[in-house]
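Coordinate-derived values only; no laboratory data. As the structure is a computational prediction, the values presented were derived from the model and not from experiment. For neighbour counting, all protein chains shown are included, and Cβ atoms are generated from backbone atoms with ideal geometry for every residue, glycine included.
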Amino acid sequence: MRIRTDDDVYRVDAVWLGPPKATFPWRARYVSWGVGIAVFLVVLTVERQIGVGFGFFSTAWAFILTILITRLITSKISHERPLGAVFTMWLRELHTPRERPRGDGGAVTATKLRIRPQRPLPKHKRVGPRQGAGNNTHRPRARQGRAAVKARR
């Protein structure tokens, strides 16, 4: 038995092809027209704010930018993810709490490291505190550190 889903109904785009008997050579969904008009107005406003004058070429570039931005936005929109859901997701992404990087710290330095003139002994070779291990003089000369060798010279 084969069960048919209703996905075919949702795959049909609500498309406006233009006025009767003078259709456009491209297909655009209704949501694309609405998004495109809003984006075009925003692009024109941004152009004026940055000081670009109103002319043929500035309007042509605004139109090209509008097409690119509209295609980008509408590529994220489908029947499963409508424009309102995409816009809400974008707003929530902008306003979500983020981890704040700590301002303390800085460059890493070795000024706080303790430097001993002799290497520490392994645990099984250490002398306990009751056996008089205060000065570590029981080491042979070959095992003493560089600082001890320099001090002897």
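A compact table of results
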quantity: Exclusive hit being under 28 Å from R81 (Cα atoms) and touching a Pro at 6+ places or on another chain (Cβ under 9 Å), set V31, V39; calculated: V31
quantity: Which numbered condition E47 misses (of (1) surrounded by fewer than 13 Cβ atoms within 10 Å (Cβ to Cβ); (2) free of Cβ contacts under 8 Å to residues at least 60 places away in the same chain); calculated: (1)
quantity: Verdict on L94 being among the aliphatic types (A, V, I, L, M), farther than 26 Å from A28 by Cβ and loosely packed, with under 12 Cβ neighbours inside 10 Å; calculated: yes
quantity: Selection within region 61-82 - over 23 Å from the mean Cα position of the chain (by Cα) and more than 14 Å from V39 (Cα to Cα); calculated: S78, H79, E80, P82
quantity: Leading residue by the ranking (surrounded by the most Cβ atoms within 10 Å (Cβ to Cβ)) among those in region 50-68 that are assigned to a helix (DSSP H, G or I) and β-branched (V, I, T); calculated: T66
quantity: All positions within region 69-88 that are surrounded by 12 or more Cβ atoms within 10 Å (Cβ to Cβ) and not charged (D, E, K, R); calculated: I69, T70, I73, T74, I77, S78, H79, P82, L83, A85, V86, F87
